[in-house]
Amino acid sequence: MDTLIKNIDEECWRYVKVQAAKEKKTIGQLFNTLVYEYKQRELAEKNAWDRILSRKPTITAKKAEE
């Protein structure tokens, strides 16, 4: 799919082009990789908070107030 992205900083664009060339990927492939990794990191953070918040409290609310 062809997509237009507007308002990209020139320095960022040059960096992306260089990184894509270093990895022998197209800019589209690099973009897809970046988005996939971002999503994976976001899911990992959400799962970590879900694990933390789903645990039983170690003290009761009454003891916490004391």
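Taken across the stretch 29-51, residues that are surrounded by fewer than 10 Cβ atoms within 10 Å (Cβ to Cβ) and not in a helix (DSSP H, G or I) do not occur at all. In the condition set (1) surrounded by fewer than 10 Cβ atoms within 10 Å (Cβ to Cβ); (2) part of a loop (DSSP other than H, G, I, E, B), Lys25 is compliant with all but (1).
Bear in mind that the values in this text are calculations on the coordinates, not laboratory data. Only a predicted model underlies this, so the values are computations on that prediction, with no experimental measurement involved. Reconstructed Cβ throughout: ideal geometry from the backbone, glycine too, with neighbour counts over all protein chains shown.
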